[in-house]
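Enquirer: Input: one structure, supplied below.
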Amino acid sequence: MNDNKHLQADVNGDHLASVSGSGAKASSKASRSIESDAEFHQNSNPLSTYLKRQLLPVLADLRLAILLLLAIALFSASGTVIEQGESLNFYQANYPEDPALFGFLSWKVIFSLGLDHVYRTWWFLSLLILFGASLTACTFTRQLPSLKAARRWSFYTKPQQFQRLALSAELPDGSLETTENYLQQKQYRVFREGDRLYARKGIVGRIGPIVVHASMLIVLAGSIWGAMTGFFAQELIPSGQIAPIQNILDAGPWAAPQLPKDWAVKVNRFWIDYAPSGRIDQFYSDLSIVDKTGNEVDQDVIYVNHPFKYRGVTLYQTDWGIAAIQVRVNNSPVLQLPMAMLNTNGQGRLWGTWVPTKPDLSSGIAVVAKDLQGTVLVYGTDGQLVNILREGFSVEVDSVNVTLEKIIGSTGLQIKADPGIPIVYTGFALLMIGVVMSYVSHSQIWVLRTPSQLYVGGRTNRAQVTFERDLTALLDHLSHGPEASQSNVANPTPVPPA
């Protein structure tokens, strides 16, 4: 009977061993199958593998970001030095081929590279997009993992763990309750479990770099949006005239909604304040915005550094000129004659016109003006100066009385619309907040109570000296006196890199 029992047991044991062996083999096969499936799925998506293993590390490289930033700064400086949005004649006059500026910079080079509208060229926008991609890659591969690592923590359970900290100490006596209360008073967030304690503060310092990156992305987005949807125009409008905005010098491909279509600008009055020396002190334009029916919808007086803003469009006072003069010949009605700018070869600005003194236009006088102070120079047909004439006075030329009634000035307006400016300003405001946040130190303190000792240690990512003082103050507080604490504080030693 016993032999049968032993035999039955042996049979059962062999059966169990066989089943166990079969289960192990099945488990091994299943594991290999799962690994094979995972490898297959990974290899079946080469695009994802390329993005994660090759492209993303390149984009997140700090050297690439610095190189792109330098290129953006260089081309932005060129857009500041080289006048933007001017006419072809302007560039041909100021950037001739012979001699070319710096030996290579001529108007042909400027137009071929798009340096007359740098901020809207495809290559400059591509630099901004690539730099934004680099910031995004750096944020997801470095900054966000760094924040996650800072939020993950654990209690120290062994005294040996404190030896890895740059700052640590052992106290023969000390209370976790006292430590917890002290750290809470110092604005630490404290976690406690039994004889173990962990405290931290300044986690916002880890969020700061992420905010900085996000703000720079907002600035880039605003710059691109402004380049694609904004426009730039110039108008020279005589005093008393109404003019639509039509001299568009530069505009983005999506700028059509920003262009003024249902309103125009009326110059109510333009005048210049002169200093006693005759130098221009300031020039002003009293402007009105009028609708299609000519009704005024808004009004303001602008001058240099004081623009007029209306429905996202900003009008700047940038230039001035002399548009016309009003004269009377003998008893004739008032004649308004246009003035043209004369070529002085860079020797100042002069405007001139011709005033007929005979009905058949066979004779006349030349009138030249240089400012709006109410005085003009009158030249005869022989080119000699006849007289100096002021507003309201007359001069007799060839038995003809010519009276100067008024000199009419014209205001030079620069009209711009940049819908990206509010986005850029928001990004810069957020950037300043992020920079301030980045200066906050992220400090961590661990405490472990054993039957014989109290272990205290900590680390911080910046402001090392300040953190050392704070930790020393904690040890002083725990040991009830600076002398006792100084005798027990271990000398801080740097932790070798892992």
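The values are calculated or read from the model by the stated rules, or taken from the named source; none is laboratory data. Small disclaimer: the values here were computed from a predicted structure and weren't measured. Using ideal geometry, Cβ is built from the backbone for each residue, glycine included, and neighbour counts are taken over all protein chains shown.
Enquirer: Counting just the residues of region 91-108 that are hydrophobic (A, V, I, L, M, F, W, C) and not in a helix (DSSP H, G or I), which one comes out nearest to Ala251 (Cα to Cα)?
Expert: Leu105
Enquirer: Can you spot a residue in region 95-107 that is of a type in the set (Ser, Thr, Tyr), loosely packed, with under 14 Cβ neighbours inside 10 Å and either touching a Cys at 6+ places or on another chain (Cβ under 6 Å) or under 25 Å from Ala233 (Cα atoms) (or both)?
Expert: No, region 95-107 contains no residue that is of a type in the set (Ser, Thr, Tyr), loosely packed, with under 14 Cβ neighbours inside 10 Å and either touching a Cys at 6+ places or on another chain (Cβ under 6 Å) or under 25 Å from Ala233 (Cα atoms) (or both).
Enquirer: Turning to a different aspect of this structure: What is the one condition in (1) more than 18 Å from Val376 (Cα to Cα); (2) touching a Phe, Trp or Tyr at 6+ places or on another chain (Cβ under 7 Å) that Trp320 does not satisfy?
Expert: Checking Trp320 against (1) more than 18 Å from Val376 (Cα to Cα); (2) touching a Phe, Trp or Tyr at 6+ places or on another chain (Cβ under 7 Å), the one that fails is (1).
Enquirer: If you check Leu74, Leu88, Leu62, Leu47, which single one turns out to be modelled with pLDDT of 90 or more and either in the same structural domain as Ser112 (by TED's automatic domain parsing) or exposed (fewer than 10 other Cβ atoms within 10 Å of the Cβ) (or both)?
Expert: Leu74
Enquirer: Still on this structure, I have one more. How about region 164-185: which of its residues are surrounded by fewer than 15 Cβ atoms within 10 Å (Cβ to Cβ), over 13 Å from Leu454 (Cα atoms) and touching a residue at least 24 places away in the same chain (Cβ under 8 Å)?
Expert: Arg164
Enquirer: Assigned to a strand (DSSP E or B) and touching a Lys or Arg at 6+ places or on another chain (Cβ under 9 Å), is that true of Val376?
Expert: So Val376 passes the test.
Enquirer: Identify the single condition in (1) within 31 Å of the chain's Cα centre (by Cα); (2) free of Cβ contacts under 8 Å to residues at least 40 places away in the same chain that Asn295 does not satisfy, given that it satisfies every other one.
Expert: All conditions are met except number (1).
Enquirer: Also: Condition test on Ile224, is it buried (at least 18 other Cβ atoms within 10 Å of the Cβ), touching a residue at least 12 places away in the same chain (Cβ under 8 Å) and more than 30 Å from the chain's Cα centre (by Cα)?
Expert: no
Listed here are the residues, each with its yes/no results for (1) surrounded by 13 or more Cβ atoms within 10 Å (Cβ to Cβ); (2) touching a Leu at 6+ places or on another chain (Cβ under 7 Å); (3) in contact (Cβ under 8 Å) with a residue 12 or more places away in the chain; (4) of a type in the set (S, T, N, Q).
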| position | (1), (2), (3), (4) |
| --- | --- |
| Asn330 | no, no, yes, yes |
| Asn343 | no, no, no, yes |
| Trp351 | yes, yes, yes, no |
| Val378 | yes, yes, yes, no |
| Gln384 | no, no, no, yes |
| Asn387 | yes, no, no, yes |
| Glu391 | yes, yes, yes, no |
| Asn401 | yes, no, yes, yes |
| Thr426 | yes, no, yes, yes |
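Enquirer: Moving on to the next point. Every residue in region 218-245 that is farther than 20 Å from Ser76 by Cα and among the hydroxyl-bearing types (Ser, Thr, Tyr), please.
Expert: Residue satisfying the conditions is Ser239 alone.
Enquirer: Which members of region 231-261 meet the condition of being in a strand (DSSP E or B) and either acidic (Asp, Glu) or surrounded by fewer than 19 Cβ atoms within 10 Å (Cβ to Cβ) (or both)?
Expert: Those that are in a strand (DSSP E or B) and either acidic (Asp, Glu) or surrounded by fewer than 19 Cβ atoms within 10 Å (Cβ to Cβ) (or both): Glu235, Leu236, Ile242, Ala243, Ile248, Leu249, Asp250.
Enquirer: Still on this structure: Of everything in region 146-163, what is surrounded by fewer than 11 Cβ atoms within 10 Å (Cβ to Cβ) and at pLDDT below 90? Give them in sequence order.
Expert: Lys148, Ala149, Arg151, Arg152, Ser154
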